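Everything on this sheet refers to the single structure shown next.
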Amino acid sequence: MRLRRAWMSVLALLCACSRPSTPAAPAASPAVEPATAPAKPSKPSKPIKLAAAHPPVAPEASKEAPKEALKEVPKIDEADLKTEEREANPYSETVNLKLTVTPQVKALVTWGAKQVARLAPGSMDTEISRPRGSGPVDLEIKAEGFMPYHTRLYADRNDKINVRLYRVEEAPGLLGYKRSAEKNAPPAEKKMPEKKK
Amino acid sequence: MGCAVSCHGKPATLSNPAAPAEPAPGSTAPAIAVVPAVPIPAPQPPKPDDDALPEVTDKLAPERRAIQVVAGIERVVDADVARDKGLTLVDLSDGFAPFIFQDGKAPDGAPLPNRYRAVFVGLANDRTDGDGEPLPPGERNYLELYGVPPSLSVMRKRFVEDGARTCESTVDAAKLLAVDSIETWGKTTEKKEAAKHHFRGMRLESAQKKLNASTLDELASKDPRYAREVKDHLRTEAERVAFAEVEKRLLCEGLLDAGKHKDGTYDGAMRSAALEFQQKNAVFAQADLTRATLEAMARPILQNDFMALRRVLAERAAHAGRIIEDGSAIESMPLPKRNKPRQQPTYKNKAGENVPVPDLVGQATDAVMARLGLATPEDALAFFRRHPESDFRSLRVAVRFPALPEYYGPHMDLVAEIDRGDIWYDFPFNDKGERLAQARERFPGFTLFVRWRGEKVPLASWRTTIGGWRTEVAADGEEYYRYKDSDVGARVWRHIVAAPVWLPPTSSPVGAMVKTKYVAGAYPRVVNYDETGPGYLSAYGLVAGIHEQLRRRGDQLAYFDNGIRTHGSFDYLSLRGRFSHGCHRLYNNIAVRLFSFVLGHRKAKVMGPMALGFRRTFYWDGEVYDMRLPTRGFYFQLEPPLPIETLKGKIKGKLTQPITDYVPKPGVKYGDGKPPAAASGVDSKAGGGQ
């Protein structure tokens, strides 16, 4: 207990040193303009690891995590923000939606109960004309030897999409396969939460 | 009570009309409350009526027409003349959408379409669903609590239909209000509870006979051992009686399908009818028969419709006047000592006097109601009866709005502040896996200020959310607890995004990314775009302001986005004390109003729809799904950015800094390995309404 208290006080001291003494005062409006930005940007608040301070559930501190986290912090620059490709007439009555499917196999494209197209090697494209803003078109593509594929075309613009169908044996390489398999596993194989005693 | 409490759990005044009615938490209302017949008085226009414009006799083009009610008679007036006289034209048309959903223009004059506008208008008019697809016949969107108020045509239909109902007198309001709430259960528990009640009744009856007590109360006084059982029994009896009145009211209002409902049971039909009632009347509950729900049911139907109309007009007035002060600013003032009332926020006028910050939204709404001659529900019914639906294609009303305070201008020195309130970093379970109480007295609050004559003047203040302990799926596929912190310190809003899109992290449960949906005559499984948006159900709501921080990178300064946003939220109940993943949520309608106001009073560039080109292919149950998000949303850039400061709040408990790692969930058996390192990324800060 005494050891824990001592550890806590060291931690508290560390916290006090690593934090700015007072929160930065809000900058005046013009000061936040990029052109006149303050020379010293406010230091980012850096949370410290306190895993050891919580014995019941304490995970081990990972010293590398903050670095990784910092690396992952994305920045929205003007370069990242790209305006959407302009349409010739964004107020046209109808829009054209184009679907291209690979590989070259016989495939059936449906939209709900409606059949949209039968594709075959040599003609793997289909085009749909829809009233602008009439809601998205959720398509299902079925082909023998391949898993059913669900995709969406947006009718609030001219839209096009290329779809690559996946064979059944490719499923383990797809995101979600493990979790889906776990969900469908027999109950005995599932990890069940431990019952409270 | 419903109308007496604002959407922020704060005492409401009539001056905060846009706030949906909300139940008081832990209501201890008296058994029988008197429900006021007409709780909202609409003031009459001043006399003599200087703002009355001459009636137009010529045929005016629709864009030149507006209406006014003068001395009880409606007339058409010239909108141009109204503008010249300094009147505000309030848009009553069905095509209305808030400012943030207006189309823009590129510097070269090319149109920048704001695509969500069409969906918003379709939703408000009960024409389409959230995807923009036609609603099935007879279906309604009750989306006011989700930030999409009904259009005037929808209100018209509601008034006309409800005005024709004759069944209302069959509902006994006193029986509804005789209970604080009605307890409801799922099917199995409901049966058990009914049996329990039945046998308790038999037991008490036999005890009554034994002790020769004529009533249950007498039994309780003769033998106190029965007191508790008698109390429970009588409460359940009263709830059953009230339940029958609820059924009658929902049937009368056309919300309950009698064919699908079994009398006396809280079945699926009843649950969905109760939820529709609550959403129609902006009652903050999710199908539970709360006190606020019962109070709303005890009010005449047209009275509820009239309150809804006032809320709709409040939104229109706030957007027409580009005003934000709704009487909530008082919540930002320090808590008073010794039962003294809270101090009113003030600003300094030219003469250096302190003038109270007005409730402009409330005053403007009063002015609109008065100019339309809407003092009672009957006035509103008459208004809608004389206006066919076609009138609402272009209807406007010419109103004198309250004078704007001196601090108003084309570029206001606005600043925003988020007070995190009471913070607990401690893990909320003990080593036995029992949840620990972590009481908060001060909840997080958002306040918008204007800097004026050396002071920070609060304009509006609302409840918001901050991060806390949340469940997250780690890289090993296991669920852990993780503290999702809200950044503290000075940031800026540089970009405001209308209809923003949220990208689910790869750690999101895959099953939740698939749903069954009606599509062109079938019910296939499709990708679930509800949470990603764009849409009112998006994790970022209808609009978001991105928190960015200037950081040094080499010799340069760059903006960093750590994933924190102030954004709207469909999860209206989360604003009442739950936690976010780090973001600051506001009710969708408040967020839309806030950011429309900011854009109306700051220099801003319309950037338009920003490309995203996001695609994620995933597997679920033997099929492949392709999630496609072509757009980030419709961007505005504030020039200069607007400062926003997040205050640290008051740290409670032992820990003074958050734990940044994953923490195993108590009672869950994990593999032998340690939890993986917690990932960080923009999209892990938002997420769902959980």
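Points to keep in mind about this one:
- Alpha-carbon spread of region B:372-430, three principal axes, descending order, Å: 64, 40, 24
- Relative contact order of chain B, pairs being alpha-carbon contacts under 8 Å that are 6 or more residues apart, as %: 16
- Cα Rg, Dmax, region B:300-361, angstrom units: 16.1, 49
- Cα extents for region B:325-370 along the principal axes, largest to smallest and rounded to whole angstrom: 39, 28, 14.
- For region B:234-242, Karplus couplings with θ = phi - 60° (6.51, -1.76, 1.60), whole Hz, Gly/Pro x: 5, 5, 4, 4, 5, 5, 5, 5, 5
- Per-peptide average of other Cβ atoms within 10 Å, ordering B:323-334, A:128-139 highest first: B:323-334, A:128-139
- Legend: mean number of C-beta atoms from other chains within 10 angstrom of residue C-beta atoms, peptide B:481-491, equals 3.
- Residue pairs, from the table B:LYS196/B:LYS231; B:LYS59/B:LYS157; B:LYS187/B:LYS515; A:LYS142/B:LYS517; B:LYS484/B:LYS650; B:LYS432/B:LYS669, whose Cα atoms sit over 20 Å apart: B:LYS59/B:LYS157; B:LYS187/B:LYS515
- Averaging 1/r over every pair of different alpha carbons in region B:340-484 and inverting the result gives a Kirkwood radius of 20.8 Å.
- Loop sites in region B:554-612: trypsin sites (Lys or Arg not before Pro), DSSP, at most 12 other Cβ within 10 Å: B:LYS603
- Scaling against 2.2 N^0.38 Å puts the C-alpha radius of gyration of chain B at 1.03.
- Of the GluC sites (Glu not before Pro) found in region B:429-469, those that fall in a DSSP loop while having at most 12 other beta-carbon atoms within 10 Å are B:GLU434, B:GLU441.
- Derived scalar couplings ³J(HN,Hα) [region A:150-167; Karplus, 6.51 cos²θ - 1.76 cosθ + 1.60; whole Hz; x for Gly, Pro]: 10, 9, 9, 10, 9, 9, 9, 6, 6, 9, 9, 8, 10, 10, 10, 7, 10, 6
- Normalised by 2.2 N^0.38 Å, where N is the number of residues, the C-alpha radius of gyration of region B:474-614 stands at 1.20.
- Kirkwood radius, region B:45-140, all distinct C-alpha pairs, inverse of mean reciprocal distance: 16.5 Å.
- Value at 222 nm in deg cm²/dmol, rounded to 500, when DSSP H runs of n ≥ 4 in chain B each add -39,500 (n - 2.57): -7500 deg cm²/dmol
- Normalised per residue, the volume of the convex hull around the Cα set of region B:255-377 (Å³): 177
- Tail fraction, Cα-Cα pairs, region A:122-175, threshold 18 Å, whole percent: 43
- Shielding score for B:604-617, defined as the mean number of other chain Cβ atoms within 10 Å: 3
- Per the Kirkwood formula applied to alpha carbons, region B:61-202 shows a radius of gyration over Rh ratio, Rg over Rh, of 1.17.
- When the P(r) is computed for region B:421-498, the part past 17 Å accounts for 67% of the Cα-Cα pairs.
Here, each number is a calculation from the coordinates, and none is a lab measurement. Computed from a predicted structure; not experimentally measured. Every residue, glycine as well, gets a Cβ built from its backbone with ideal geometry; the counts of neighbours run over all protein chains shown.
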